[in-house]
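The values are calculated or read from the model by the stated rules, or taken from the named source; none is laboratory data. What you see is a predicted model, and the numbers here were worked out from it, not measured in a lab. For neighbour counting, all protein chains shown are included, and Cβ atoms are generated from backbone atoms with ideal geometry for every residue, glycine included. These area figures cover heavy atoms from the full protein model, side chains too; ligands, DNA and RNA do not enter into them. Shrake-Rupley method; radii C 1.70, N 1.55, O 1.52, S 1.80 Å.
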Amino acid sequence: MPKKPLFAGLVVDEANNLVETAFVGNEPCYVVDDFGFRRHIPSEIVDRQVLKLMAETIQGNEQILSEQTAKMLGQEDIFTRAMIENQLKQVEQQFDKVLETGIPEEGIAYMGMTGFRIRINVHGEVIDIEQPGMVAPEDE
């Protein structure tokens, strides 16, 4: 079970209002205002949807992502690239660890500064993810 909502501060409702976070017992939740009724949605439900959508954007692009990551790290040897590419291909296997450890506060702050937003409905279904710099599939 996650210790806190993974994307706290980055989730908005259908009216573009920031979604609050709270705990129901030990379970972290996103709290959506449904015309005065505060719906508590277990954060893991939303967080897993977002991670899955992010993993789908990685699929098929592992080679270029590993090359660019290795370049950014200054480790452009074939072994580093292969290790990074292998990790990218197995990204879904790492979801539990990410949910458990969370994303560093600096990472969440950076995502927020770049305009990253997750829009959910009152049932906790992800409607849209705004990722500045990403090309919409219909624009490709």
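For region 1-76, I need the span (max minus min coordinate) of the C-alpha atoms along each principal axis, in Å, sorted largest to smallest.
53, 28, 19
For the chain, what D do you get in µm² per second when you plug the Kirkwood radius from alpha-carbon pairs into Stokes-Einstein at 37 °C and 0.692 mPa s?
In µm²/s, the coefficient is 200.
State the three equivalent ellipsoid semi-axes of region 66-122, derived from the C-alpha gyration tensor as the square roots of 5 times its eigenvalues, in descending order and whole Å.
27, 16, 11
Of Lys52/Lys89; Lys71/Lys97; Lys4/Lys71, which ones are farther than 21 Å apart at the Cα?
The answer is Lys71/Lys97; Lys4/Lys71.
What relative contact order, as a whole-number percentage, does the chain give when Cα pairs under 8 Å and 6 or more residues apart are counted?
Across the chain, relative contact order equals 29 percent.
As I understand it, the dipole of region 32-140 uses +1 on the Cβ of Lys and Arg and -1 on the Cβ of Asp and Glu, about the Cα centre. Which of Gln68, Ile58, Ile41 lies farthest toward its positive end?
Ile41
Please arrange Phe79, Phe35 by accessible surface area, largest first, computed with a 1.4 Å probe and ligands excluded.
Order by accessible area, largest first: Phe35, Phe79.
Taking all protein chains together and a probe of 1.4 Å, list Met54, Met113 from the most accessible to the least accessible.
The ordering from most to least exposed comes out as Met113, Met54.
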